[in-house]
Every structure is written in structure tokens, then in C-alpha cells.
Amino acid sequence: MIQPEDNKPLAQDEIQGVKRRADRPAIGLALGAGAMRGLAHIGVLQVLEREKIPIDVVTGTSIGAIIACAHAARRTGLEMERIVTELQELSYFDLALPRRGMLIGKRAQKLCGQIVRNMTFEEAIKPCAVVACALDTGEEATFDSGPMESAIRASISIPGVFVPHEINGRQYVDGGLVNRVPVTTARELGAKLVIGVDVGYRGEPVQPKGVLGIMMQAFDIMEWHVARLKFSTADIMIVPDVRDLNPAHMNHASQAIARGREAARVALPDIRRLLSAWDEGIGGSSSAAAESEAVPPATNVDKGR
């Protein structure tokens, strides 16, 4: 799955977004929660990398935290696709006595550590942060220092699925409860323009199946009511159409990634217009193109890269 050669340093010209032109605003990418539907983030990154859209700051929540940290740890979108399509679901399952969650999470944390090359945030190639929710107070918690894998483990801790994760004596659960697409976090790290990617529930009718499906749908509903209040702060919001994909399983990984690519392609004209506006000196507003009306959901599964 994750080969030793994957940890070799990339050449400087292979690292997307390491250097920023002094006359260009910092561009942030905020990757949202959405369980396995969030594998669409990989497809979005592949398009941004191929089209040389610079990313100076990256943030993530839940599944978005994994992809954001992997990007900041020098993983390319193509590398990520290979890793997840070869991954077996049982490799991150460690069942717990069902008192605080179904999964202990140690295997998932170890796997996340391998994906991010066991890096700390301080070792990342660009500013990166992930969002979790403090279980005792419900406060939003931002992690941008220390081991990436521990912060990711906190951010992915869906209540009832994963046992809450402890950091410095406090318990944390999934960041989607407080900030599903961490656009505001990207701005706090210095981004002037922010591209958000939302793969979560948006109010459409759903018929969940099984106990896990019902739990995740209830969680999605809570997330959606909070998320709507924060989406308007994004300059561009990319919304891959992954509504029909099961968020609890990885067997649709290739489809999710393909739909992420298609949604990013749809968004490219808006992204280029936004960058051009800044180049021409007429940028500066954080409300240029703020919702899925500007970047509609992709409706077709991509047939290639």
C-alpha cells in the first residue's frame, strides 16, 4: 500500500505551491468533512496540481484533514489515489467494546501517520491546520502544531463510530460538528482567497440503511445546519456530486475521485477569473463567488484524468 519510496523527498519543482509570487494573494484550500465521500478531495487536488493553480495554505476537517495533511506532507493527488484504491477497509478497523465508540482508532491513526510521512505540522511544506471539536465544551479546536497523525485522529472521530481522541488531557471528536469546511481556518492562516470543497449532506432526501447509516445521516443533518452559516465566507465553493455514494465504505473510491476531478474542472473558469481579478488589481473582496450557484455540482462520472 504505502511503499518506502513514497517517503523520498520531492524535487523543488515538483512541490506544488511552495513559493508564492510577492504580488499574488495567498490562496487557501479548505477541504470539508463527508466520510468516504471526501475521497473526492483527491480528484480536486489532481486537477489543481495539473492546472498549476497555486495553493499556499491548506486546511481540513475529518476526511478533509487527512487529505489536507497528506498534501502538506508532499503527497501528490496521484499518489493519494494509488494509496486509497489499494487500501483494504479492514486495515484500519480495530473494534472496541461499544461503550464510547465502535472503533478504537489506533489502526486508523497509524495509517494516517504513514500517509502523512509521520510528519509534524512544523515540517509541512506549507501552512496547514485541521479542525476538531472539544467534547467537554463543544468549542472548535484548531491544530497546526505537533504530530499531524494525532490531530487527524481527533478530527475524524465521528461520535459513536470512533472512540474520542485525547490530546493534552482533553477529549476531541469530529470537527464537522463545528466547522465542516474550514474556510475561516484558512483565512486565519493567512489566505486571502479561499477555495472550499464540500462533499457533505446539503439537505436532499436520504433513506439511510442500517444502524451505521442512520447514525451518519443524523450526524450529517447536524453538520449541515451549522455549515450553512459559514459557507458564504468562501470565494469559490466546489461541490462534487457524491450524494449517491455510501459514506461508510471505500468501495466507491475511484468514483468519488473521478467526480472530484469533474467538479474541479467545472470550477476552473471561476478560479481563473478570481485570480485574474487580483492580477488586474480589482480583487480584495472575500465574496466574489461564494456558493454552489457559481460552481454547480458535477453530475457525470469522469472517464479519465
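Those strands (runs of 3 or more DSSP E) of segment 130-194 that lie entirely within it include none in which at least 2 residues are over 24 Å from R117 (Cα atoms), among the hydroxyl-bearing types (S, T, Y) and open to solvent by 60 Å² or more (accessible area, probe 1.4 Å). Here I67 does not fit the description of being in a loop (DSSP other than H, G, I, E, B) and surrounded by 18 or more Cβ atoms within 10 Å (Cβ to Cβ). A single member of T85, T120 is touching a Gly at 6+ places or on another chain (Cβ under 7 Å), in contact (Cβ under 8 Å) with a residue 12 or more places away in the chain and either open to solvent by 10 Å² or more (accessible area, probe 1.4 Å) or hydroxyl-bearing (S, T, Y) (or both), and it is T120.
When the residues of segment 92-117 are filtered to those that are open to solvent by less than 40 Å² (accessible area, probe 1.4 Å) and charged (D, E, K, R), the one that is modelled with the highest pLDDT is R117. For A234, the stated conditions hold: it is modelled with pLDDT of 80 or more and surrounded by 17 or more Cβ atoms within 10 Å (Cβ to Cβ). Checked against the criterion of being in a loop (DSSP other than H, G, I, E, B) and either loosely packed, with under 13 Cβ neighbours inside 10 Å or at pLDDT below 75 (or both), the candidates V295, V211, V242, V199 yield just one match: V295.
Checked against (1) over 22 Å from E86 (Cα atoms); (2) among the hydrophobic types (A, V, I, L, M, F, W, C); (3) touching a residue at least 40 places away in the same chain (Cβ under 8 Å), L245 meets all criteria but (1). Return yes or no: is K126 among the basic types (K, R) and in a helix (DSSP H, G or I)? Spelling it out, it is not the case that K126 is among the basic types (K, R) and in a helix (DSSP H, G or I).
Checked against the criterion of being within 24 Å of L111 (Cβ to Cβ) and in contact (Cβ under 8 Å) with a residue 40 or more places away in the chain, the candidates T184, T233, T142 yield just one match: T142.
The values are calculated or read from the model by the stated rules, or taken from the named source; none is laboratory data. As the structure is a computational prediction, the values presented were derived from the model and not from experiment. All Cβ positions, glycine included, derive from the backbone under ideal geometry; neighbour counts span all protein chains shown. Each accessible area value is taken on the protein alone, full model and side chains, heavy atoms only, with ligands, DNA and RNA left out. Shrake-Rupley method; radii C 1.70, N 1.55, O 1.52, S 1.80 Å.
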